[in-house]
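**Q** One structure, as structure tokens, below. Some questions next.
The values are calculated or read from the model by the stated rules, or taken from the named source; none is laboratory data. Being a predicted model, the structure only gives us computed values, none of them experimental. Counting neighbours? That spans all protein chains shown, and the Cβs are built from the backbone with ideal geometry, glycine included. Keep in mind that these areas ignore ligands, DNA and RNA; they rest on the heavy atoms of the full protein, side chains included. Shrake-Rupley method; radii C 1.70, N 1.55, O 1.52, S 1.80 Å.
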Amino acid sequence: MIKDIVVNLALVGDHDPAAAFAISIARIFGAHVTGVVFVYDPVISPSIMDGVSAEWIDAQRDESRTMAQAAIERFERAAQLAGIQAGHRIIEATLGGATDMFGRIARRFDLVVVGQREPDRMSPADLFAEGALFESGRPVVMVPYIQKQGLALDRVLMCWDGSRTAARAMGDAMPFLTRARQVDVVIVATGRSKSDEVPGADVGHHLARHGIKVDVKRIVAEDVDVPNTILSYAADVSADLIVMGGYGHSRLREFVLGGATRGILASMTVPVLMAH
């Protein structure tokens, strides 16, 4: 059951795809959504610290607070129009501390929603995505910066490789999978199978026992480019959502993502639910 959602609100821009998508999820599931926005302390290089006045620092903080308040107001208006219950939190933190803090806050929710960084805009969105994935212990929905529509579940693509993280993602995504009209379990192979057995068939049976209409697909990635193979298939079948395990580990607050995970986050064109 998804009844409590948290979303990281963007400070810049008139449209926040992650916030809008989180609201659409809340509307479908009858959930409450909390918008969290951070007011950052100014980042000052030690080489220029002596030349920075206290007035300048205060002015930067005031500007950040103004932007945060505007983000909250946009979020609250959108939630009210959607007819859902919503709340918000404004938190002051350093940029580095904010991503860890958001991950810890997210542990108390059913689902985390974050946005993808726009390629030409400076933003900590990628850090929040990685922080939520590694620190929250909860499923995380990553929303592309180009996303304009709310949650749709006509066709869901579930990536399967038999790993622990893939199994975790499947379990965490079950509220979405059971509502989907069609689920494609996709196995990406980097060569031709030596067996007539279809890998993942047992997972197909498992999902079917939940009343899910499921097909198992095996895709060959001849050039070993797994992320683009997945995204290409998602585009070909007009998938609404991708479900996959998030690979990598956190070491001394340094986030290290696996190649497939990082590739999907960088190039995704549809929302992705990840679990770690």
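**Q** Tell me, which residue of segment 27-39 that is assigned to a strand (DSSP E or B) and open to solvent by less than 50 Å² (accessible area, probe 1.4 Å) is modelled with the lowest pLDDT?
**A** Among those residues, the one meeting the criterion is 39.
**Q** Is one or more of the residues making up segment 90-105 more than 27 Å from residue 175 (Cβ to Cβ) and surrounded by 22 or more Cβ atoms within 10 Å (Cβ to Cβ)?
**A** Yes - at least one qualifying residue is present in segment 90-105.
**Q** I'm told residue 90 meets every condition in (1) touching a Leu at 6+ places or on another chain (Cβ under 8 Å); (2) within 19 Å of residue 34 (Cβ to Cβ) except one. Can you identify the failing condition by its number?
**A** Only one criterion in (1) touching a Leu at 6+ places or on another chain (Cβ under 8 Å); (2) within 19 Å of residue 34 (Cβ to Cβ) is unmet by residue 90, namely (1).
**Q** Ok, one more. From the list 87, 131, pick out the single residue that is in a strand (DSSP E or B), closer than 19 Å to residue 22 by Cβ, open to solvent by less than 30 Å² (accessible area, probe 1.4 Å) and touching a residue at least 12 places away in the same chain (Cβ under 8 Å).
**A** Matching residue, one of 87, 131: 87.
**Q** Next up: Checking residue 275 against (1) at pLDDT 90 or above; (2) out of contact with any Gly (no Cβ under 8 Å at 6 or more places or on another chain); (3) surrounded by 20 or more Cβ atoms within 10 Å (Cβ to Cβ), only one condition comes out false. Which one?
**A** Unmet condition: (2).
**Q** Hey, another quick one. Kindly provide the set of residues from segment 202-223 that are touching a strand residue (DSSP E or B) at 6+ places or on another chain (Cβ under 9 Å), part of a loop (DSSP other than H, G, I, E, B) and among the basic types (Lys, Arg), ordered by number.
**A** 213
**Q** Look through segment 56-80, keep the residues that are under 18 Å from residue 41 (Cα atoms) and β-branched (Val, Ile, Thr), and return whichever of them is least open to solvent (accessible area, probe 1.4 Å).
**A** Per the stated criteria, the residue is 57.
**Q** Any idea which of (1) at pLDDT 95 or above; (2) open to solvent by 50 Å² or more (accessible area, probe 1.4 Å) is the one residue 232 doesn't satisfy?
**A** Against the list (1) at pLDDT 95 or above; (2) open to solvent by 50 Å² or more (accessible area, probe 1.4 Å), residue 232 comes up short only on (1).
**Q** Also: For segment 146-192, what are the residues that are open to solvent by 50 Å² or more (accessible area, probe 1.4 Å) and either assigned to a helix (DSSP H, G or I) or among the hydroxyl-bearing types (Ser, Thr, Tyr) (or both)?
**A** Hits for segment 146-192 are 164, 168, 178, 190.
**Q** With the checklist (1) modelled with pLDDT under 80; (2) part of a helix (DSSP H, G or I) in hand, flag the one item residue 74 doesn't pass.
**A** (1)
**Q** Starting from residues that are crowded, with 21+ Cβ neighbours inside 10 Å and within 21 Å of residue 154 (Cβ to Cβ), keep the ones in segment 241-269 and report whichever is modelled with the lowest pLDDT.
**A** For segment 241-269, the residue satisfying everything is 264.
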